[in-house]
Amino acid sequence: MSGKNPAIAKKTWSNRWTFMLAAAGSAIGLGNIWKFPYITGEYGGGAFVLIYLICIAVMGIPLLMAETAIGRNTRLSPLNGIKKLTGELGVSRLWQVIGWMGMLSGFLILSFYSVIAGWSLSYAWDLLTGVFHGMNPARVSGEFSGLMASAPRQIMWHTAFMLITLFITARGIHKGLEKGLQVMMPALFLLLLIMLGYSMLETGQFMRGLDFMFSIDFSRLTAAAIPAALGQAFFTLSLGMCALMAYGAYMPSSNSIARTAFSVAILDTIMAVISGLVVFPIVFAYGLEPGSGPGLLFVSLTAAFANMPMGEWFGFLFFVLVGLAALSSAISLVEPVVAWMTERVNISRTMATVLVSVAVWLVGLGTVFSFSGDFEVRFFDKNFFELVDFLTSSILLPLGGMLIAIFAGWIMKRSMIMNELALSIGLFNLWRAMTRQLFP
Ligand code: TRP
């Protein structure tokens, strides 16, 4: 197939690990390390985690396979790929809405993602320069409030993060991504393990953390927890906005989509669960509040870093790596728009990246101001950040995911998908039943 066409083959990743690395790099990010612990805290622990894990298994993995398969089948940017498929299949061009929604979601997610990644860079810097040295947890919390109150500080780091994203994205996937990811992901994993050791041995609250995350108490579950868990499953696997479709377009035909999808989902889940197991024992040990919201990771871990031997070095390294994990995710958030702009409007990749980045940066200011309190407007009882987060995680991603699943399960020819997935017939039928029945 396409792999034999030399013109196209050139555009595939350099080896079979690269897609896996890029997909894992996209999946693993702030969603695992920052968002998973804080929304688990907000929704009361165990029962939320259970629903989240079920969503990953029954919807996340099949959809991951569907997105990758569509991307690899078309070898184009998501929007143009779907346009081409609707033409070939003779179905309504309205399906292109998948591509449009995907670009919109990626754009909106990146606008707040960059602000939070900026916090991480700010923490790395403050730990390095000794700001937190020996501080008690109350003062660490106070510092977080200080960062929230200061729009200029947040804007500075948000700008820094967007500039780095711009620079790497503009250089293109090959040069920009591959090398860095190979070092960074294992390093982040190792550091999380070190922190896990700290939570287990030093906090004295490990069992309580474990209990909070895994003992299932449905009475603590609110109705809002179910869409939140589904949204988080999509968010953490980078699903529902065609990011993996865009990456799938560069995947060599010989790779197994199913195996890759499983590995990515498992790695991603391990990272999220470990982050929770690191955060909650510290939260309990220092008397912090599990449901305290977006500051949870920053306050709890920094309280630990401020008081452990070599903590400031570990802390610096940790937040730098979180920033890098966020970077590899951020790149996948802009990739669909940038790829489409270069194909469609015939501008250079650099120019496309600059235009998109400036726009994302501007929208991100809304998030900064909603944390700093300079922008008190509330829509449906949510501030700007909460609104964008809700609109993307709870609406656009699940809706996009559902449309992608229906497209792959009902609209595309059975043989097209079957070729890409290369599964045994039993597994293929299982996949097809899941995408065809479960999502609608
Ligand atoms: N999955 C990433 C995380 O957990 C964020 C992300 C990257 C994402 N690309 C995406 C979320 C596409 C939704 C869709 O941090």
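The values are calculated or read from the model by the stated rules, or taken from the named source; none is laboratory data. Bear in mind the structure is a predicted one, so any value in this text is a computation, not a measurement. Quick reminder, even Gly has a Cβ in these numbers, built from the backbone with ideal geometry, and neighbours come from all protein chains shown.
General observations
- For the stretch 300-310, a residue qualifies if it is modelled with pLDDT of 90 or more and under 11 Å from F132 (Cβ atoms), and the qualifying residues are L301, T302, A303, A304, F305, A306.
- Only one entry in S114, S122, S141 is surrounded by 21 or more Cβ atoms within 10 Å (Cβ to Cβ) and within 16 Å of the ligand (Cβ to nearest atom), namely S114.
- When we screen M434, M402, M341 for residues that are at pLDDT below 85 and either out of contact with any strand residue (DSSP E or B) (no Cβ under 6 Å at 6 or more places or on another chain) or charged (D, E, K, R) (or both), the only hit is M434.
- Set side by side, the residues I266, I282 differ, and just one is in contact with a Ser or Thr (Cβ under 7 Å, 6 or more places away or on another chain), modelled with pLDDT of 90 or more and not small (G, A, S), which is I282.
Each row is one residue, and each column tells you yes or no for (1) among the polar types (S, T, N, Q); (2) within 22 Å of the chain's Cα centre (by Cα).
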{"position": "R93", "(1), (2)": "no, no"}
{"position": "Q96", "(1), (2)": "yes, no"}
{"position": "W100", "(1), (2)": "no, yes"}
{"position": "F107", "(1), (2)": "no, yes"}
{"position": "W119", "(1), (2)": "no, yes"}
{"position": "H133", "(1), (2)": "no, no"}
{"position": "E143", "(1), (2)": "no, no"}
{"position": "T159", "(1), (2)": "yes, yes"}
{"position": "R171", "(1), (2)": "no, yes"}
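- Annotation note: of V264, V273, V299, V279, the sole residue that is more than 16 Å from the ligand (Cβ to nearest atom), assigned to a helix (DSSP H, G or I) and of a type in the set (V, I, T) is V299.
- Selection count where residues are within 16 Å of the ligand (Cβ to nearest atom) and not charged (D, E, K, R), scope the stretch 26-48: 14
- One residue from S332, S415 being assigned to a helix (DSSP H, G or I) and surrounded by fewer than 18 Cβ atoms within 10 Å (Cβ to Cβ): S415
- Scan the stretch 95-129 for residues that are touching a Ser or Thr at 6+ places or on another chain (Cβ under 6 Å) and not β-branched (V, I, T) and the total you get is 4.
- Selection of the stretch 311-343 for residues being within 11 Å of the ligand (Cβ to nearest atom) and farther than 21 Å from V358 by Cβ yields V322, A325, S328.
- Residues of the stretch 248-257 include at least one that is within 15 Å of the ligand (Cβ to nearest atom), modelled with pLDDT under 95 and in a helix (DSSP H, G or I).
- L427 vs. criteria touching a residue at least 40 places away in the same chain (Cβ under 8 Å), assigned to a loop (DSSP other than H, G, I, E, B) and either closer than 20 Å to K83 by Cβ or more than 16 Å from the ligand (Cβ to nearest atom) (or both): no
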